[in-house]
Amino acid sequence: MKLAKEIITAKDSKIGVMKFLPEGPMTLTLPIMHEMGAILKEFTMDQEIRAGIINGPDGDFCVGLDPDAILSSSTDEISKIMGGIFQMFTSLMSFPKPLIAEVGGNAVGGGAIIAYTCDYRYMVDGKGRIGFAEPLVGLPITRSLILRMRQVMLPSAVSEAALEGALYKPAEAVQNGLLTEVGASLEELRKKSLSKINVLNRIPASATVETKRALNRDAIEAALAAPKELGELFHSQPKMIPNLLEAMTANKERRRPSLTHEANYA
């Protein structure tokens, strides 16, 4: 996966588009997460850009952490990669302009995080799935992620999404709030995005900035504390890292992971 950026104009409004290019596995590495933050900062600082779009291709939008990056890392390096997830979350949630996701296909784990941190979330209706697979690889859903779930999803759906690692069809995700709408194609999603941005452009930017800050403050504060908390969890729950490594190995070998249920209940 590689990133590209472009500036488009719609009804005299400039829009920053970050594109996920299908070059290699559609997975997240620490450099890619840092690059995402840099692009969002660039869009933020450009006064003429009124909104942002994150666009991913048909097939896979983003399917989470890169297995090779995890398997080649030490425990400390894995902690840094996990910290990158929360830095990415913070960059997305802190983006002060309207942000829209155009999801062409599977958005799993980190891909779901990217999508649901956007203010509006459109996905192509089809075989793709969206959801938080972290529990399936032995990782917990932390407080910041749950706070955002509670912002966008129906209360009755949050436990299922967080505890089960459920993956939803696009229409199901609209019903539970994870997605805003579905469309037949990426072209239709773009029409929805531009229509929504046209509506949002009626609102003064200063009002949008402060409203988004108020909406997202709690989740951002939790995300800033999350890397330290997760590092502590890796020590208090020592089977987390072995489970993660087994899950990533199984992913590469295309088999079911054999995870341990040993846990520290103290």
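The values are calculated or read from the model by the stated rules, or taken from the named source; none is laboratory data. Owing to the predicted nature of the structure, the values given are computational and were not obtained by experimental measurement. Because the Cβ atoms are built from the backbone with ideal geometry, glycine has one as well, and the counts that use them run over all protein chains shown. All accessible areas refer to the heavy atoms of the entire protein, side chains included, with ligands and DNA or RNA removed. Shrake-Rupley method; radii C 1.70, N 1.55, O 1.52, S 1.80 Å.
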Any residue at all in the stretch 77-95 that's without any contact (Cβ under 8 Å) to a residue 24 or more places away in the chain and farther than 30 Å from residue 126 by Cβ?
yes
Top-ranked residue in the stretch 147-157 [being open to solvent by 20 Å² or more (accessible area, probe 1.4 Å) and in contact (Cβ under 8 Å) with a residue 24 or more places away in the chain; ranked as nearest to residue 231 (Cα to Cα)]
147
So, residue 24, is that one touching a Lys or Arg at 6+ places or on another chain (Cβ under 9 Å) and free of Cβ contacts under 8 Å to residues at least 24 places away in the same chain or not?
yes
Working only within the stretch 234-266, note down all residues that are over 20 Å from residue 63 (Cα atoms) and either in contact with a strand residue (DSSP E or B) (Cβ under 8 Å, 6 or more places away or on another chain) or acidic (Asp, Glu) (or both).
262
Scanning the stretch 27-80 for residues that are part of a loop (DSSP other than H, G, I, E, B), at pLDDT 95 or above, open to solvent by 40 Å² or more (accessible area, probe 1.4 Å) and more than 30 Å from residue 203 (Cβ to Cβ) gives 63, 72
Those residues that are touching a Lys or Arg at 6+ places or on another chain (Cβ under 8 Å) and either small (Gly, Ala, Ser) or closer than 24 Å to residue 132 by Cβ (or both), I need them from the stretch 174-211; list them, please.
178, 179, 180, 181, 183, 205
Does the stretch 7-21 include one or more residues that are within 30 Å of residue 213 (Cβ to Cβ), hydroxyl-bearing (Ser, Thr, Tyr), open to solvent by less than 40 Å² (accessible area, probe 1.4 Å) and in contact with a strand residue (DSSP E or B) (Cβ under 9 Å, 6 or more places away or on another chain)?
yes
Among (1) touching a Ser or Thr at 6+ places or on another chain (Cβ under 7 Å); (2) within 28 Å of residue 60 (Cα to Cα), there is one condition residue 231 misses while meeting the rest; what is its number?
(2)
Looking only at helices (runs of 4 or more DSSP H) that fall completely inside the stretch 178-266, which ones have 2 or more residues that are over 30 Å from residue 13 (Cα atoms) and free of Cβ contacts under 8 Å to residues at least 40 places away in the same chain?
205-236, 240-253
Filter the stretch 119-148 down to the residues that are in a helix (DSSP H, G or I), touching a Leu at 6+ places or on another chain (Cβ under 7 Å) and of a type in the set (Lys, Arg) and list them by number.
none
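Quick grid of which residues meet (1) in contact with a Cys (Cβ under 7 Å, 6 or more places away or on another chain); (2) surrounded by 12 or more Cβ atoms within 10 Å (Cβ to Cβ); (3) within 25 Å of residue 104 (Cβ to Cβ):
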site	(1), (2), (3)
169	no, yes, yes
186	no, yes, yes
195	no, no, yes
202	no, no, no
212	no, yes, no
233	no, yes, no
236	no, no, no
How many residues are surrounded by fewer than 18 Cβ atoms within 10 Å (Cβ to Cβ), within 25 Å of residue 212 (Cα to Cα) and of a type outside the set (D, E, K, R) if we restrict to the stretch 118-146?
1
Within the stretch 28-55, can you find the residues that are among the β-branched types (Val, Ile, Thr) and in contact (Cβ under 8 Å) with a residue 60 or more places away in the chain?
53, 54
